[in-house]
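Below: one structure, written as structure tokens.
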Amino acid sequence: MSPERAASLLDAELRPYPWYLSVGVGNAADGRPALFVYTKSARHRELARLDRGWHGFKVIVKAVGSMRPIAAGSRQVAGR
């Protein structure tokens, strides 16, 4: 199974949870393909089972908080 297919299946599994944001594909520190799960917080019982991986891929959970849109009309540029 490809990492992209595994990510798609994991997305379908986690989509109902309000704390879930998205899943991506990348490489773990060891260079092997991994799935990155982005959440509002990492304290959820459902995430514990992902410690064992998902369809043979390592899962790395990244708690990034709630997404907030920038103010309408704001034209801020990073570093300025």
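Values in this text are rule-based calculations from the coordinates and carry no lab data. Quick caveat: nothing in here was measured; it's all calculated off a predicted structure. Note that each Cβ is placed from the backbone with ideal geometry, even for glycine, and that neighbours are counted across all protein chains shown.
Out of (1) 39; (2) 34; (3) 50, which label holds the value of percent of Cα pairs over 20 Å apart that was computed here?
(1)
With +1 on the Cβ of every Lys and Arg and -1 on the Cβ of every Asp and Glu, and nothing else charged, how large is the dipole of the chain about its Cα centre, in debye rounded to the nearest 20? Before the final figure, lay out the partial values.
Values: 13 positive and 6 negative charges, 63 e Å.
About 300 debye.
Out of all DSSP beta bridges with both ends in the chain, state the antiparallel percent to the nearest 5.
55
Report the relative contact order of the chain, percent, no decimals, based on alpha-carbon pairs under 8 angstrom and at least 6 residues apart.
Numbers: 98 pairs, mean separation 20.3, N = 80.
Normalised by residue count, the contact order of the chain is 25 percent.
Treating the angle as unsigned and between 0 and 90°, give the value, to the nearest 10°, between the Cα long axis of helix 3-14 and the longest Cα principal axis of the chain.
80
Just add up the charged neighbours of Pro3: K/R +1, D/E -1, any other residue whose Cβ is under 14 Å from the Cβ of Pro3.
Spelling it out: positives minus negatives among the neighbours equals +1.
Which residue fluctuates the most in the chain, going by a Gaussian network model with Cα springs under 10 Å, if the choices are Arg49, Arg68, Arg15?
Checking each option, the largest mean-square fluctuation is seen for Arg68.
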